[in-house]
Amino acid sequence: MQVLVTGGAGYVGTVLAQELLERGHHVRCLDNLSCGRNLIRPRLQGRRIELWAGSVEDRALVRSALQGCDAVVHLAGLANDRSCERDPELARRVNVRAAAELTALARAAGCSRLINASSCSVYGCTDGEAMGEDDDPKPLSLYGRLKLQAEAAIDVAAGTDLAVAHLRQATLFGPSPCMRWDLVVNAMTRDACLRGRVRVLGGGMQWRPFLHVWDAANAFAYALEAPRDLLLARIFNVGHEAEIYRIKDLATLVREAVPAALIDCPPGVADRRSYRVHFRRVAEVLNWRAQHTVPQGIAEIRSHLQMAPAALS
């Protein structure tokens, strides 16, 4: 397939581009290059990948980038709570309106499917109960609310012509060419290795499911290649039941990998976001399962930092 990947030079996108190329697909990356052009340039040597620089809000650019594409993976957007809260209007434009416009343009261009990057943060607080795709989400953050609104807006814009799947990803972790240090496992590991401390914020009792960035890329590839009728379930939680931890337990895992580090629990406002989810649908419908664990990701990040501390900073 010819696949347009919005956000293709970002944290997941750089990994997904490689995954799709290895599977024989042609990749067109649309990205604003906020992480820099050099992260994607080494992957441009072959003929099956193109880089289109620009914003997903640029309708003319998006329309042109969609020409000849069979499918879309939509990763672009403001990707965390802090960036959404810093500029709520920009977050609404990029995370909801641009997503709906992209979907309408993909439908008009004759694309067969669109795979949307959503988030398990839409569940908000589950009081310890594992939530499934048919349960009622109650997002607590603006980021989570916008992800939920984007799902609905995309469904409306897709109509019946475009097969859509929303992958509600667990909290991501692990090394990527475009590294994100705002993610809790990555941040804890870097701080332990470089600063000798592991910070536990928000009280540490909140639950989170976790997903390695390479597993996330693999899940998008699975959804792209799945029979169209299997995508009609539309929403898939993506992660693994064995990789659901309390934040304080993550700190313990990091300290086991970096014994010299100290655990720091500064006082502050408790984090009400705490959710456990199950991942039966993605396993049963798409026959997909995560392969990486949080301890593996911690070890990978530690190894990279030891070999080249500046490379992931």
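The values are calculated or read from the model by the stated rules, or taken from the named source; none is laboratory data. Just so you know, these numbers come straight off a predicted model, no measurement behind them. We place every Cβ from the backbone using ideal geometry, glycine too, and count neighbours over all the protein chains shown.
Among the candidates CYS29, CYS35, CYS84, the residue that is modelled with pLDDT under 95, crowded, with 18+ Cβ neighbours inside 10 Å and either closer than 28 Å to TRP181 by Cβ or of a type in the set (A, V, I, L, M) (or both) is uniquely CYS35. May I ask you to verify whether ALA283 is touching a Lys or Arg at 6+ places or on another chain (Cβ under 7 Å) and either assigned to a helix (DSSP H, G or I) or under 30 Å from CYS111 (Cα atoms) (or both)? Answer is yes for this residue. In the stretch 139-244, counting only strands (runs of 3 or more DSSP E) that sit wholly within it, the ones holding 2 or more residues that are under 30 Å from PRO295 (Cβ atoms) and of a type in the set (Phe, Trp, Tyr) span 207-212. If you check every pair at least six apart or on different chains, which have Cβ atoms under 8 Å apart with a residue in the stretch 81-98 that is basic (Lys, Arg) first and a residue that is exposed (fewer than 14 other Cβ atoms within 10 Å of the Cβ) and part of a loop (DSSP other than H, G, I, E, B) second? What qualifies is ARG82/ASP182.
When each of LEU114, LEU105, LEU140 is tested for being in the same structural domain as ALA60 (by TED's automatic domain parsing), in contact (Cβ under 8 Å) with a residue 40 or more places away in the chain and crowded, with 22+ Cβ neighbours inside 10 Å, the lone residue that passes is LEU114.
Within the stretch 64-97, restricting attention to residues that are part of a loop (DSSP other than H, G, I, E, B) and in contact with a strand residue (DSSP E or B) (Cβ under 7 Å, 6 or more places away or on another chain), the residue that is farthest from ALA226 (Cα to Cα) is ALA76. In the set (1) crowded, with 22+ Cβ neighbours inside 10 Å; (2) out of contact with any Gly (no Cβ under 7 Å at 6 or more places or on another chain); (3) in a helix (DSSP H, G or I), the condition left unmet by ALA60 is number (1).
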